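Some notes on the structure that comes next.
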């Protein structure tokens, strides 16, 4: 498993999701934080959304299961899914090993970019975790 | 101590020091995992693991009518247990519902030790005490003074052998031996589908025993791996696969019921055996995506009683109560997993069987 980290180039949602904006500022990758994957334990299944699905901020868009538990994944921002990380199906453990890199979950075309104002930076998220 | 304080085993400090994730379980604070369920599961399948199962309860029954008493109270034929033997049985209500599942060990001619599930132990002991009034027997609640370690896996026996000059008990046998200088009541039983032993030890000796077993190479394992291991082996978990609304026949435990002994509930169970039951507990595996969990409903009738991801088979597995007419091996069915219909198939029990040793 990876070491605890909360990269400074990401924004964070209180349900332990992260957002990485593309250079154009209109699309972004979503994933779950180190804290979330650690709390879940070894991930064995990612029930991904379909490409084209509309995500609503603060609502569940996918499920991630570990051996012991299933957890909803919440959208940190609203948008439309334009790509799903299909490689996770073959190797769900990548969410544990590299939650901010190879373990990204969906690529989203954002519909309300101003929603990012409600997200936390690394320092604020780390403080929330206590 | 507040009324809702969690009970701690004598090994609690070791779990914390080892970085275990601790969770409430049946009134105890227990380790669910140390490093990870998958690694711990594989350690038991491939090598040797050790579990702190000190939360489990024990009742000692002794006296001239100890046998008659246990014969009345528990479902199996207790007279078939030789001194130094072990037996699985059930505690049933008059209507044939399952109150608990138990292991009973015969320590001496008229002394037996029964191991109970932690969550049921207080009620179990009360029932032992109540029924004992009609017999010349003393029952003693031995739970608080007893710790219990399960050392399980293909190398468990060799590991314990290196810590003892005594011969270890064979499978389904039990006796008092010394391990690492600590006196233990050792039994060739377990809950993992692997060879191994369960060691009952007085609380004072538990830390020394744990340290010796871990130093000898047993991997500390938590309740998470205990659950995946037992479910692959299709061992029942009380509260999931067994409860007061389920009878032993539908649970597939008719083999542990000997109605001729006249135990409490035997008449009702004889009826279930003769007339059949509407549902039957089966083992299943998922044939596509998804992992069924306890409480998920089966499309067309039935319910999942236990479900998890199998680290050995690398698919979702479980046990479910299905309509008897749709419960034969190979039957395909669907489970409503959080609103999605997921396909599964009835499989032979157990889902995992230890490979026969090569000769």
Task: Percentage, to the nearest whole number, of Cα pairs in region B:230-277 over 18 Å apart - done: 32
- [ ] Report the equivalent ellipsoid semi-axes for chain A in whole Å, largest first, defined as the square roots of five times the eigenvalues of the gyration tensor built from alpha carbon atoms.
- [x] 20, 18, 12
Task: FRET efficiency, 1/(1 + (r/R0)^6) with R0 25 Å, evaluated for residue A:3 and residue A:69 via beta carbons - done: 0.65
TODO: Provide, as a two-decimal number, the C-alpha radius of gyration of region B:74-227 over 2.2 N^0.38 Å, N being how many residues it has.
DONE: 1.08
Open item on the list: If I model a spin label as a point 7 Å beyond the Cα along the Cα-Cβ vector, how far apart are those points for residue B:123 and residue B:165 in nm?
Closed with: 4.8
Task: 5 Å binning of all Cα-Cα separations within region B:166-279, expressed as whole percents from 0 upward - done: 2, 10, 14, 16, 16, 13, 11, 9, 6, 3, 1
Task: Simple label model, 7 Å out from Cα along Cβ direction - residue B:285 to residue B:94, nm - done: 4.5
Task: Reduced Cα scattering model of the protein assembly as shown, Debye log10 I(q)/I(0), q = 0.06, 0.10, 0.12, 0.13 Å⁻¹ - done: -0.32, -0.84, -1.11, -1.24
TODO: Two decimals is fine: what's Rg over Rh for region B:216-332, C-alpha atoms, Kirkwood radius as Rh?
DONE: 1.03
TODO: Determine one quarter of the surface area of the Cα convex hull of region A:24-85, which equals its mean projected area, and express it in nm² to one decimal.
DONE: 4.4
Open item on the list: Place a point 7 Å from the Cα of residue A:24 along the Cα-to-Cβ direction; which residues of region A:96-130 have their backbone N under 12 Å from it?
Closed with: A:108-110
Open item on the list: Please list, in order, the residues from region A:12-28 whose amide nitrogen is less than 18 Å from a point placed 7 Å along the Cα→Cβ vector of residue A:80.
Closed with: A:22, A:24-28
Open item on the list: Once you keep just the Cα pairs under 8 angstrom separated by 6 or more residues, what percentage relative contact order results for region B:18-57?
Closed with: 28
- [ ] Only helical DSSP H runs with n ≥ 4 go in: add -39500 (n - 2.57) per run for the protein assembly as shown, normalise by residue count and round the 222 nm mean residue ellipticity to 500 deg cm²/dmol.
- [x] -5500 deg cm²/dmol
- [ ] At 25 °C and 0.890 mPa s, grab the translational diffusion coefficient of region B:18-96 from Stokes-Einstein with a Kirkwood Rh over Cα pairs, rounded to a whole number in µm² per second.
- [x] 151
Open item on the list: So if I take the alpha carbon set of region B:64-157, get Rg, then get Rh from the Kirkwood formula, what is the Rg over Rh ratio?
Closed with: 0.97
Task: Separation between Cα centres of region B:203-237 and region B:253-274, rounded to whole Å - done: 33
- [ ] Starting from the alpha-carbon convex hull of region B:310-359, give the projected area averaged over all orientations, in nm².
- [x] 4.8
Task: Sequence of A:119, B:160 once ranked by neighbouring C-beta atoms within 10 Å, starting from the fewest - done: A:119, B:160
Task: Value of Rg to Rh for region B:8-144 (Rh from inverse mean 1/r over Cα pairs, i.e. Kirkwood) - done: 1.05
Task: DSSP-defined beta bridges in region B:89-208 - what % are antiparallel, rounded to 5 - done: 95
TODO: Considering Cα pairs under 8 angstrom that are at least six residues apart, work out the relative contact order of chain A and quote it in whole percent.
DONE: 31
TODO: Tally the DSSP beta bridges in chain B and give the antiparallel ones as a percent, rounded to 5.
DONE: 95
Task: Span from the region B:114-136 Cα centroid across to the region B:30-49 one, whole angstrom - done: 32
- [ ] Mind sorting A:64, B:335 by how few other Cβ atoms lie within 10 Å of their own Cβ, fewest first?
- [x] A:64, B:335
TODO: Round to the nearest 0.05 the FRET efficiency obtained for residue B:158 and residue B:243 when R0 = 35 Å and r is the Cβ-Cβ distance.
DONE: 0.35
Open item on the list: Starting from a Cα-only point model with no solvent, please compute log10 I(q)/I(0) by Debye for region B:103-161 at q = 0.16 1/Å.
Closed with: -0.67
Open item on the list: Sort B:257, B:221, B:234 by Cβ crowding within 10 Å, fewest neighbours at the top.
Closed with: B:234, B:257, B:221
TODO: Before anything else, pin down the relative contact order of chain B: Cα pairs under 8 Å, at least 6 apart, normalised by residue count, whole percent.
DONE: 18
Task: Theoretical FRET efficiency, 1/(1+(r/R0)^6), r = Cβ-Cβ of residue B:313 and residue B:21, R0 22 Å, to 0.05 - done: 0.35
Task: Taking all pairs of distinct alpha-carbon atoms in chain B, Kirkwood radius in angstrom - done: 21.0
TODO: For residue A:129 paired with residue A:14, estimate the spin-label separation in nm (one decimal), with each label point 7 Å from Cα along the Cα-to-Cβ line.
DONE: 1.8
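Each value in this text was obtained by applying a stated rule to the coordinates, not by laboratory testing. A quick note: this is a predicted structure, and the numbers were derived from the prediction, not measured. Here Cβ is always computed from backbone atoms with ideal geometry, including for glycine, and neighbour counts include all displayed protein chains.
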